[in-house]
Amino acid sequence: MLFITYAGSTGLSAQESTATGELPELEMFIAEESAAALTDSVLPTDRAISGLFGDTTSVLEVPRSVTLLSPEIMDKFNIDSLKDLEKIGAGTQSYNFYGVAGAPVIRGAAGGTFLNGMLRAYQRNEMPLSFGSLEAIEIVKGPAPADFSPTQIGGFVNLIPKSPFFDEERGSIELEVDNWGKTIITADYGAPFLLPGETPAAFRVSLTSQDGESYYDDFSNDFTSVYGAIKFRPKDGISVFVGGEYFDFQSNENPGWNRPTQDLVDNDNYIIGEPLDQTSGVFRGTVDRGALYGANAVSGLPANRLALEASVALALVPSFGNLADMLLVTDVDGVDKYVYTQAYFDNGGRAVTQKIDGSEVLTDRTDFADSNNLVLFGDIVFDSNPDRTFTVKGIFENLETDKRSSYGYAVSTEQTVFGSKAFVRDRTWLPNTTTTLGVGARYTDAQILQDFFDEPFSRRDILQPTISPNTVLLVGDQRPIGQLNLWSPTAVNGANVASELLQLSAYATLETAWTDRISTIGAVRAEYADFDISLPGEAERATAAGNGPILSGQSGDTDYINWSFGPNIEIYENLFLYGSIQQGNSMSPTQGGAIFGDQNFSENEMWEIGLKGSFLNGALFASVAYYDWEQSQFDTRSGQAEELVGEGVEVEFTWLATEKLTLIGSYTWQEVKRVAPPGFRTMPPPAGVSEGEYIALNAGTLLLGDFGFGNTGSNTDFVYPGSPQAVVKLFAIYDFQNGFEVSGGPVWQESFYLNIDNTIKLPSALIWNFNLSYKTESWEFRASIDNAFDEEYFLGADPIFGANTLVSKAEPTTYSFSVKYKF
């Protein structure tokens, strides 16, 4: 135990209290807080789990698969976004959510986000999750324990906020830059102080600002985070911790390459050309949305049929097919163009392609994706009785986002969340048992206005030097001349919805030590949810058209019971066999946090078995787990729950091999499947068109027309795409113990399908990352290389929205440099 003398906090110094054999409560509080702040280890067994499982705080004794990212781990792996979670741990992946990682991906499915044990507002890609307020992360695989608020099915991350410094005044300023022009400035400061009445307290403030230029052309990612927290003990037996963060994000989304094909993935061959002119004065010189799926006035063919200007066609088509098989038309702009025909492909023609670089993506400097987020949290703990504590926790969050992309997408969301829970934890009511009884309430007011036109990404040829008005669509609050705005229904009576949701819960947890070697954790939660659904008033077109107000004035309620049980058996010294079974409900809102009704609440079932152990006198931690689950995930396109099943094996280890060398590794094998066919999400290639040049979904009409939905190709088991099924990660840290440290290692992932119809397969990859650092008492210097050997690999896309319409080549070799001054 570390004892800190705190002038004025008590009439007794730490040295005096030790001499008398007593330690005053306030001194204990300061000592414990200081010791926790100074914990500096990569071993999971050296860090307590922060209240996720009651009194069970050791990762060895928790009957679940959990990955702990301590401040030391986050520093050594250079983790500063959710995308970086793919660097470490089993079952952790990332999707490309149009360039923004707003939600974790765990075990191949979406996960939830908690802060200090309280569920945060749901978001998918409204903004990147800010890391400016946190110092550690706990990753729990599978549904949230029964005594937690229900959330997404994959699992969840619990963000541990930066804690104030009680031991001494300290701070730091850090500058980080990379070779693409990204600059991050971080300032952090905290100190102990006295509140009125000589109440011991400490505070911490942090500022993080990023000017995020990128490898991808015309794409930026800028944000500012301001965080502050205070912790104090007004009297013996009461402690208070409150804090908050304001996060302002400005960007334009990066969908990657549109028109994905296997030929594009394998050979960087991008299909060029644009449809015939469909601009209209009514739509202010941009595309007439009403004519997108009719017949073209010039050719009489489907309006989205792809064409090439005559000069381009004459130069390139002979290398791909017979120009005579194409249709020559004079477009309304007076330019001669050649249009693809069925005969062209029947006679062996191929879509005309040109080479593309990974940095050339579907971006427009005039696009914007802006968000602001305020989150406040607080705890009050009454612990004067060592056998019984009473805790009150709360969270408030407001999240607003506004996006517009000229290729035909707009979204505006606003979400306000109030959450609280109160619980008592007693260690005497039942023999050898810690009993927790609690109640909770959560209120969410959310709305989304969304306008997208059947994923129109493929209309634009991104190799063109300028953006043609013929590829620009008015969206959202924009309006054609003399018409209402374009917030329009696109799914489930409209993608636009406003909802108010009240959740009331009661829960209980029993942690029982049956013998010195056998313990169990059981929990049950009963929850009642009441909701009101309406159509946002801004959706003028939906209201006027008469096909949107179906949502107005709807209300309903639902109730459910979640339960979980997990035994943990020490079968040998520091070797634990555990199991876990859980049944209940997940809650999965639509983008923006709103719900359509009880379809957002879906059943889940999971069981897991595993081994965890600490070996070699504590120098080695290792775990292995097998899991199987059946759950439902809300499909934001169809507005209904989609049934998924999954299974997997996870292995993790951390080994302090020598005084200087540490090895950290993991292995993941997972498989997620749909129970039913995907319906609209796929489209079989038309006759004569090879899969290598085929553009799926409605983007397929760019070639030859609408060919129908529902074909899954060779994917007869409906395996979910977007994440590799097998991943191996290994990371080594060598500390020279003279200030220098070198670290790094590979991440290997097997090849995997981008889309559920298995027409596009992304290659396997071996990605190496390295760091070199030097530390003194006042300075830290770091040089990092990500993807050191310039491996060409791809990011998986969101399986619901993006799998058939975009693919992103990952960044090539990226160098970053940072310097930190500590004071």
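The values are calculated or read from the model by the stated rules, or taken from the named source; none is laboratory data. As the structure is a prediction and not an experimental result, all values here were calculated from the model. Glycine also receives a Cβ, built like all others from the backbone with ideal geometry; neighbour counts cover every protein chain displayed.
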Lone qualifier among D461, D387, D445 - being under 24 Å from G290 (Cβ atoms) and surrounded by fewer than 23 Cβ atoms within 10 Å (Cβ to Cβ): D461
Please go through the range 411-437 and pick out each residue that is under 30 Å from G537 (Cα atoms) and among the acidic types (D, E). E414
Hey, does the range 46-56 have a residue that's modelled with pLDDT of 90 or more and either crowded, with 16+ Cβ neighbours inside 10 Å or assigned to a loop (DSSP other than H, G, I, E, B) (or both)? yes
I'd like to check something: does the range 141-160 contain any residue that is of a type in the set (D, E) and not assigned by TED's automatic domain parsing to the domain that holds A508? yes
Report yes if some residue within the range 433-454 is basic (K, R), assigned to a strand (DSSP E or B) and on the phi < 0 side of the Ramachandran plot; otherwise report no. yes
Any chance the range 125-134 includes a residue that's among the hydroxyl-bearing types (S, T, Y), at pLDDT 85 or above and more than 20 Å from N221 (Cα to Cα)? no
Give S743, S714, S723 a once-over and let me know the one that is crowded, with 17+ Cβ neighbours inside 10 Å, assigned to a loop (DSSP other than H, G, I, E, B) and polar (S, T, N, Q). S723
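Let's see how each residue does on (1) outside any loop (DSSP other than H, G, I, E, B); (2) surrounded by 15 or more Cβ atoms within 10 Å (Cβ to Cβ); (3) on the phi < 0 side of the Ramachandran plot; (4) of a type in the set (V, I, T):
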position: P255; (1), (2), (3), (4): no, yes, yes, no
position: Y270; (1), (2), (3), (4): yes, yes, yes, no
position: A315; (1), (2), (3), (4): yes, no, yes, no
position: G348; (1), (2), (3), (4): no, no, no, no
Going by what's in this entry, would F794 be described as buried (at least 17 other Cβ atoms within 10 Å of the Cβ) and closer than 27 Å to L362 by Cβ? yes
Would you call A788 outside any loop (DSSP other than H, G, I, E, B), in contact with a strand residue (DSSP E or B) (Cβ under 6 Å, 6 or more places away or on another chain) and modelled with pLDDT of 95 or more? no
Candidates V265, V339, V287, V317 - the one that is β-branched (V, I, T), more than 25 Å from F219 (Cα to Cα) and modelled with pLDDT under 95: V339
Candidate set from the range 749-769 (those that are surrounded by fewer than 16 Cβ atoms within 10 Å (Cβ to Cβ) and not charged (D, E, K, R)); member that is nearest to E671 (Cα to Cα): S751
Pair list, Cβ under 7 Å, 6 or more apart: the range 754-769 residue more than 14 Å from L730 (Cβ to Cβ) and assigned by TED's automatic domain parsing to the domain that holds N715, other residue acidic (D, E) and not in a loop (DSSP other than H, G, I, E, B): T759/E691
Only one of these conditions is not met by G243: (1) farther than 30 Å from S225 by Cα; (2) modelled with pLDDT of 90 or more; (3) buried (at least 20 other Cβ atoms within 10 Å of the Cβ); (4) in contact with a Ser or Thr (Cβ under 8 Å, 6 or more places away or on another chain). Which number is it? (1)
Hey, among T471, T428, T435, which residue is in contact with a Phe, Trp or Tyr (Cβ under 8 Å, 6 or more places away or on another chain), within 28 Å of M118 (Cα to Cα) and assigned by TED's automatic domain parsing to the domain that holds S384? T435
Of the residues T805, T776, T814, only one is surrounded by fewer than 20 Cβ atoms within 10 Å (Cβ to Cβ) and touching a residue at least 40 places away in the same chain (Cβ under 8 Å); which? T814
Could you count how many residues in the range 154-194 are under 29 Å from the mean Cα position of the chain (by Cα), surrounded by 15 or more Cβ atoms within 10 Å (Cβ to Cβ) and either under 19 Å from T776 (Cβ atoms) or β-branched (V, I, T) (or both)? 11
When you look at V62, is it crowded, with 22+ Cβ neighbours inside 10 Å, touching a Ser or Thr at 6+ places or on another chain (Cβ under 7 Å) and either of a type in the set (F, W, Y) or more than 30 Å from F390 (Cβ to Cβ) (or both), yes or no? no
Return only the number of the condition from (1) of a type in the set (K, R); (2) more than 30 Å from L327 (Cα to Cα); (3) modelled with pLDDT of 95 or more; (4) surrounded by fewer than 16 Cβ atoms within 10 Å (Cβ to Cβ) that K355 does not satisfy. (2)
Please enumerate the residues belonging to the range 572-597 that are closer than 30 Å to S499 by Cβ and not in a strand (DSSP E or B). S588, P589, T590, Q591, G592, G593, A594, I595, F596, G597
Within the range 203-238, which residues are small (G, A, S), part of a strand (DSSP E or B) and at pLDDT below 95? G212, S220
Please find, within the range 749-796, the residue that is farthest from the chain's Cα centre (by Cα) out of those that are charged (D, E, K, R) and over 17 Å from T261 (Cα atoms). E777
Which of the numbered conditions does A343 fail, given that it passes all the others? Conditions: (1) part of a strand (DSSP E or B); (2) surrounded by fewer than 17 Cβ atoms within 10 Å (Cβ to Cβ). (1)
